[in-house]
Structures are given as structure tokens and as C-alpha cells.
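Everything on this sheet refers to the single structure shown next.
The values are calculated or read from the model by the stated rules, or taken from the named source; none is laboratory data. Quantities reported herein were computed from a predicted structural model and do not represent experimental measurements. Using ideal geometry, Cβ is built from the backbone for each residue, glycine included, and neighbour counts are taken over all protein chains shown.
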Amino acid sequence: MAHKTAGGPGRLVSPGSKEAGGQAFEANRAQLAELFKAAYEGDLSRLEQLLLDFSSSETGHSSKLRQASSSPPSASSLSPSSPSSGASASAFVESLSPEARKVFASTLAEFRDGRRRSALHFACAGGCRDVASLLLLLSPSLLDLRDEAEETPLLLLLKATASTPSGEKKREGLLDLLQLLLDRGADVNAKNLDGVTPLHVAAGAEDETEAREILSRLLNAGAK
């Protein structure tokens, strides 16, 4: 991934000399941490801005990131619980220039933390459907990326579901996020390094009613 020169906030910086390389590493790490935090917390407005900043640093000019002929609402302009959230994510993507879309499609999968987790891993761990929808529209290759423990975003979502107490509002969108991943064709048989599969995690959920629903969806999607 090519990095541009150092400068204002939100810009990926160039390695260059050894000193500049150290500065670039620290700056990029901090910016990626912000991106992952926004994904985990479901902060669409912040996530969009960070994505635009990253894309601007790759293309070298921010003026071409959005289509000049249109200005549809951003993904954050609607409530996260809105049934039209998928449409708002599409609107954000459609507002981007072809150049910006190409940058996102090719680089989002390269953005990883120290455990090799992507922004989609964080969105799924946080149960943030709207963020996951936007990320998958920008870069479908994120769907089955594995972290250092060979865990996919789907597996992290199921772990989050199993560990979230029933009654918490966060649980309301977890099944919707699960269905989004399944509809996109997530690998329902992917094992982590310990041999744990999505079915194993789902079967261990405390809420028996929800566990049955999740197991049913996984089995219908081909889980074994």
C-alpha cells in the first residue's frame, strides 16, 4: 500500500528515511486505531471521515473523492436502527468517485491491527450492522478475512452475541448483522486455530431461544 507524505491529521504518511519511517509507523498506527474504534462503536460519521482521509492520502487529492454531480446523504444521516440503513450505505458509496472506490476495494483488506483484525472484524465484534454493511459494499473481500487466530468476522460476531447479556439494546441488531453476513456468503464452516466453528460458538450461547434461531440460520446456510 502506497503512503503519501506526512502532513495534516488523517493522512497516511510516507516511510522515507529511517526517522520518517518511525513517524509514519506511529501516525499510521494511530489513524488505524481510530478507524477500528469507529467501526467497533458504530460511529458511522467518524468512520466515513476517516475513510475519506485515507483515500485522499492514497490518491493525493481529496477533490475527486466524491462525485461532483451528486451529493446523496451519508450513511450516518439516518438512524442506525433505520430499516433503510442499507440504502444509506449505498448512497455513501455511490457518492464516491470511481477512483476512491478502487482505493477502498484494494486497501481496506490491508488495514489490520496487531492481531491481524480488519475493520469488519471490529464492526462484527461490536455488533454494528450499518458499519459492516458499508465496509462490505466498499470491499467485499473483507467478508472472510482471518485474524492471527484464524477467526473470521462471522466467528467474532457469534462470540459477541454469546457474551452479550440478554436485554441489552446491543443485541437487537446482532441477528440482523448475522443475516447480512450470511446473505453475503460468509463461510459458515470456517475453523479457528483451536478448531472452533460458528456452530460450536452458537451452541454455547446462554439464551437458548436465540441460540436455536442462530443455529437454524447457520444450518440453513450450509453449516456442518
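Figures for the structure shown
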quantity: Residue in the range 156-164 that is assigned by TED's automatic domain parsing to the domain that holds GLU206, closer than 20 Å to LEU199 by Cα and free of Cβ contacts under 8 Å to residues at least 24 places away in the same chain present; calculated: yes
quantity: ALA87, sole failed condition from (1) within 12 Å of the chain's Cα centre (by Cα); (2) among the hydrophobic types (A, V, I, L, M, F, W, C); (3) modelled with pLDDT under 90; calculated: (1)
quantity: Selection status of SER76, at pLDDT below 50, crowded, with 20+ Cβ neighbours inside 10 Å and not in a loop (DSSP other than H, G, I, E, B); calculated: yes
quantity: Answer from ALA100, ALA109, ALA123, ALA105 - the residue that is closer than 18 Å to LEU158 by Cα, outside any loop (DSSP other than H, G, I, E, B) and of a type in the set (A, V, I, L, M, F, W, C); calculated: ALA123
quantity: Test: residue in the range 173-186 that is under 20 Å from SER45 (Cβ atoms), out of contact with any His (no Cβ under 8 Å at 6 or more places or on another chain), modelled with pLDDT of 95 or more and among the hydrophobic types (A, V, I, L, M, F, W, C); calculated: yes
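The rows are residues; the columns are (1) within 14 Å of the chain's Cα centre (by Cα); (2) surrounded by fewer than 23 Cβ atoms within 10 Å (Cβ to Cβ); (3) at negative phi; (4) not aliphatic (A, V, I, L, M).
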{"position": "ALA125", "(1), (2), (3), (4)": "yes, yes, yes, no"}
{"position": "LEU157", "(1), (2), (3), (4)": "yes, no, yes, no"}
{"position": "LEU175", "(1), (2), (3), (4)": "no, yes, yes, no"}
{"position": "LEU178", "(1), (2), (3), (4)": "yes, no, yes, no"}
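To keep it simple, each residue is scored yes or no on (1) among the charged types (D, E, K, R); (2) in contact with a helix residue (DSSP H, G or I) (Cβ under 8 Å, 6 or more places away or on another chain).
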site: LEU120; (1), (2): no, yes
site: ALA123; (1), (2): no, yes
site: SER133; (1), (2): no, yes
site: ARG146; (1), (2): yes, no
site: GLU151; (1), (2): yes, yes
